[in-house]
Each structure stands twice: as C-alpha cells, then as structure tokens.
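Reviewing the structure listed below.
We did not get these values from a lab; they are worked out from the coordinates using the rules stated. Since the model is a prediction, treat every value here as computed from it, not as a measurement. Note that each Cβ is placed from the backbone with ideal geometry, even for glycine, and that neighbours are counted across all protein chains shown.
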Amino acid sequence: MSFKVKKAVFPVAGLGTRFLPATKTVPKEMLPVVDKPLIQYAVDEAIEAGIDTLVFVTNRYKHSVADYFDKAYELEQKLEKAGKSELLAMIRDVLPRHVRCVFVTQAEALGLGHAVLCARPVIGDEPFAVLLPDDLIWSRGRGALGQMVDLAERTASSVISVQTVPNEQTSSYGIVSAPTFTGRYGAIEQIVEKPKPEVAPSNLAVVGRYVLSGAIFPILEKTRSGAGGEIQLTDAIAELLRNDPVLAYQFEGRRFDCGTRIGLIEATIQYALDHEDLADEARAYMQAALAEK
Ligand code: G1P
C-alpha cells in the first residue's frame with residue numbers, strides 16, 4: 001500500500017484562555033513569535049514536509065486565520081505602487097502557489113478527536129498529518145513533520161511525535177509506552193490521555209505532530225468522550241494501534257509549548273537569538289537586563 005502524506009489538518013478552534021485578555025480578539029494561533037504568527041510556523045513546517053493541502057478546522061471567531069492566508073489586494077497594491085518589493089514578497093510568500101487551503105468549521109468544541117474528524121470530508125481515507133500550532137518546534141535541519149513523514153512513508157505506519165517530560169507533568173499530555181526503540185523510533189504499545197504520574201505507563205509525552213492513517217476516521221466516528229469530557233484523538237489512536245502499526249518518534253529539534261505564556265516567551269527569545277537582523281541587539285538587551293536584576 002502506498003503511504004503518501006499530502007494533506008495536513010490544523011485544529012485552530014481552541015479558546016486560548018491562557019492568553020486573555022489578548023485572545024479576546026486575537027486567536028492564539030495569530031500571536032506572533034518575532035514577526036510571524038504561530039500558525040505560519042506550523043504551516044511552513046508542513047509545506048517543507050511536502051504537504052500541499054492545508055485543512056484548517058476553525059470556528060466563527062477565527063476569521064483572522066482565513067484572512068491571513070487570503071490575498072490582501074489593497075495592501076499589495078499599495079506596496080506595489082510604493083515600490084516596496086521586499087515587503088510585497090513577504091506578504092505574498094505567506095503561501096507558495098502550489099499550496100491550497102481548505103477551511104472547515106467545528107461548530108462545537110468537543111475535543112481534538114472531534115476537530116480532526118471534522119476534516120474527514122477533505123482528507124478522505126488517505127494518510128494525513130495533524131499539527132497543533134501551539135507546539136512550536138524549532139530545528140536546524142529538516143523540520144519535525146518532515147522527519148516524521150519520511151519515517152511514515154518508509155514504514156507505511158502512523159507516526160506520533162514524542163518527547164520525555166518530567167514525571168509530574170504526565171497529566172498534561174498524551175503518554176505512550178514504546179518499550180523498544182530503534183534509534184529515534186519504536187512501536188507504541190499503549191497510549192493514554194493525561195494520566196496521573198502514579199498510573200502513567202512512562203514519561204514519553206505526545207507532542208502536537210501526528211501522521212495518521214485514514215483508518216483513524218471510522219474509529220473517531222465511534223470514539224466517545226474521554227479525559228476532560230472531550231472526544232480525544234489519543235483514545236482513537238489507542239484503538240488504531242490494535243490493528244495498525246503506530247510508531248512513537250523522538251524528533252530532532254526543540255519544542256516550545258506556546259500554549260503557555262512562558263513557552264511563548266522562550267520561543268520568542270530563541271527565534272530572536274536566531275534571527276539574522278535581531279540576534280546581536282536581542283543578546284545585548286538580554287545581557288543588560290539580566291545584569292540589572
Ligand atoms: C493535546 C493532546 C495531548 C498532547 C498535547 C500536545 O492536548 O490531547 O495528547 O500531548 O496536545 O501538546 P492539549 O494540550 O490540547 O490539552
């Protein structure tokens with residue numbers, strides 16, 4: 001069976017209450033890290049991985065996400081007239097020409113599993129990726145999703161990204177047990193959503209990148225609400241791995257949890273220190289600010 005991954009789902013219907021009051025009007029996916037909104041980082045990672053169809057699962061408060069990926073005629077005309085070609089290229093390059101966007105709505109916030117299920121009419125029964133834009137993954141080489149797609153296509157398996165977390169944090173994540181690892185990956189034997197440390201099968205936590213076989217959809221249709229009263233993607237994956245291979249993959253790169261304030265701050269520092277125009281000034285300011293404390 002050919003296992004080609006060309007479509008990616010971006011669940012962006014969450015409330016973002018941790019960033020209130022900012023997220024009263026700005027969706028959390030539109031919060032910037034240096035000069036790009038979080039969603040752009042996830043989209044860039046997907047495109048680098050070979051994805052050509054982006055499926056945003058959104059709700060009626062998230063128009064700015066659709067607007068962001070739309071053509072900005074007036075702004076483009078103004079920049080063109082003013083001869084500002086660099087800025088013009090910057091807003092046109094938000095998406096390469098071969099990439100298309102599809103928006104589907106999740107009318108009710110019933111959980112991540114339900115959000116992914118909303119994308120079924122666009123995905124069909126092909127393998128596909130899921131990226132949670134809150135998890136920003138910085139890497140020097142190939143992006144995390146690209147690494148996962150390579151593995152998924154080579155092994156015709158679903159692939160879930162994982163990283164180790166301190167034991168006391170297991171109840172914030174999906175947790176897997178994958179007793180035997182070859183290099184960076186191993187077959188998942190068990191996966192549970194947000195277990196307390198006493199009952200967690202390990203401290204290998206699911207990070208927001210998934211490559212899933214289309215076989216997940218019929219399972220999601222039947223998945224009932226689980227942890228937190230929500231329809232959990234984790235529960236559907238637990239069912240999937242009874243019949244299909246599902247690998248845990250420890251990606252190369254650093255993950256920032258931009259669903260939290262400290263994560264967003266850390267990401268901003270990391271990307272500023274990495275930015276060719278800003279690195280020197282950012283470093284100098286940080287050193288001066290720390291010296292003052
Ligand atoms: C979701 C998933 C969880 C995963 C996490 C990664 O949880 O349900 O399994 O570990 O994303 O960020 P959330 O953070 O949306 O509660």
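Using bins of 10 Å that start at zero, the share of Cα-Cα pairs per bin across region 38-100 amounts to 19, 47, 30, 5, in whole %. Dimensions of region 98-244 along the principal axes, based on C-alpha atoms and rounded to the nearest Å, stand at 40, 38, 30, largest first.
For region 221-268, what is the convex hull volume of its Cα atoms per residue in Å³?
Numbers: hull volume 5.4 nm³, N = 48.
Spread over its residues, the Cα hull of region 221-268 gives 112 Å³ apiece.
Over all projection directions, the Cα-based convex hull of region 249-293 averages an area of 4.3 nm².
Taking each pair of distinct Cα atoms in region 66-130 once, what is the resulting Kirkwood hydrodynamic radius in Å?
On the way: mean 1/r = 0.0682 Å⁻¹.
About 14.7 Å for region 66-130.
Among 157-164, 195-202, how do they line up from the highest to the lowest mean number of other beta-carbon atoms within 10 Å? Intermediate values should be presented prior to the final figure.
On the way: 157-164: 23.9, 195-202: 14.4.
Descending packing order for the listed peptides: 157-164, 195-202.
In sequence order, region 170-182 has phi-based couplings of 4, 6, 9, 9, x, 10, 10, 10, 9, x, 10, 10, 10 Hz under the Karplus curve 6.51 cos²θ - 1.76 cosθ + 1.60, θ = phi - 60°, and Gly or Pro positions carry x.
Based on the Cβ-Cβ distance from residue 108 to residue 156, what FRET efficiency comes out when R0 is 45 Å, to the nearest 0.05? Please list the in-between numbers first.
Values: r = 34 Å, r/R0 = 0.76.
Given R0 = 45 Å and the Cβ-Cβ separation, E is 0.85.
Scalar couplings 3J(HN,Hα) for region 270-279, obtained by applying the Karplus form with A = 6.51, B = -1.76, C = 1.60 to θ = phi - 60°, are 4, 6, 5, 5, 9, 8, 4, 7, 10, 3 Hz; x denotes Gly and Pro.
What net charge do the residues around residue 28 carry, taking every other residue with its C-beta under 13 Å from that of residue 28, with Lys and Arg at +1 and Asp and Glu at -1? Show your work: numbers first, answer last.
On the way: positive: 18, 24, 62, 261; negative: 29, 134, 135, 257.
Net charge around residue 28: 0.
One quarter of the convex hull surface built on the alpha carbon atoms of region 170-284 amounts to 9.8 nm², the projected area averaged over directions.
Over the chain, the alpha carbon radius of gyration divided by the compact-protein estimate 2.2 N^0.38 Å works out to 1.03.
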